Amino acid sequence: MRVYNFSAGPAVLPEEVLKEAADEMLDYNGTGMSVMEMSHRSKAFDEIIKTAEQDIRDLMNIPSNYKVLFLQGASQQFAAVPMNMMKNKKAAYIITGQWAKKAFSEAKIYGEAIKIASSEDKTFSYIPDCSDLDIPEDVDYVY
């Protein structure tokens, strides 16, 4: 019997995906090495990343004039977002869990972060009603 993990982060994958990954662990696509062993500058990895980017663009309908970034470190993005997007030093946050709470705290370092909705009152057990939020017109983004 398979265990199903519904927590944040790692999640359930279809068995066929796991079997494909296992088959490629010693030899990815005839390269003689796994993806974890190859250089990020190699031709094989370049093909992987270009395919992944195109798949994301197709899935999310991302236009060509937008960049798709592959970055490591989930919590590093809590600083990267306000550092790059908080041009007028003001952003609005909808706090729906511990990760959003951390992002909100980090944004306060770089400018004015305004909490416009939160479900912290019930330990993030629901998503706040966002149908009629009071979003200030001068914010750079809503997170």
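Looking at region 122-132, is at least one residue part of a loop (DSSP other than H, G, I, E, B), exposed (fewer than 14 other Cβ atoms within 10 Å of the Cβ) and touching a residue at least 24 places away in the same chain (Cβ under 8 Å)?
Yes: one or more hits.
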Hits in region 133-143 - residues which are closer than 16 Å to Gly97 by Cα and either free of Cβ contacts under 8 Å to residues at least 24 places away in the same chain or β-branched (Val, Ile, Thr) (or both): Val142
Output for region 9-29, where each listed residue is open to solvent by 80 Å² or more (accessible area, probe 1.4 Å), touching a residue at least 12 places away in the same chain (Cβ under 8 Å) and part of a loop (DSSP other than H, G, I, E, B): Asn29
Lone unmet requirement of (1) surrounded by 12 or more Cβ atoms within 10 Å (Cβ to Cβ); (2) out of contact with any Cys (no Cβ under 7 Å at 6 or more places or on another chain) for Ile94: (2)
Region 97-116, residues that are farther than 19 Å from Met85 by Cβ and surrounded by 13 or more Cβ atoms within 10 Å (Cβ to Cβ): Gly97
Filter result (among the charged types (D, E, K, R) and either surrounded by 10 or more Cβ atoms within 10 Å (Cβ to Cβ) or farther than 25 Å from Val142 by Cβ (or both)) within region 30-86: Glu37, Arg41, Lys43, Asp46, Glu47, Lys50, Glu53, Asp55, Arg57, Asp58
Failed item in (1) open to solvent by 90 Å² or more (accessible area, probe 1.4 Å); (2) part of a helix (DSSP H, G or I); (3) β-branched (Val, Ile, Thr), with Val3 passing the rest: (2)
Some residue of region 64-86 being touching a Ser or Thr at 6+ places or on another chain (Cβ under 9 Å), farther than 30 Å from Asp27 by Cα and in contact (Cβ under 8 Å) with a residue 12 or more places away in the chain: yes
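The values are calculated or read from the model by the stated rules, or taken from the named source; none is laboratory data. These figures come from a predicted structure and were not determined experimentally. Neighbour counts are summed over all protein chains in view; Cβ atoms, including those assigned to glycine, are modelled from backbone coordinates with ideal geometry. Just the protein is used for accessible areas: all its heavy atoms, side chains included, with ligands, DNA and RNA removed. Shrake-Rupley method; radii C 1.70, N 1.55, O 1.52, S 1.80 Å.
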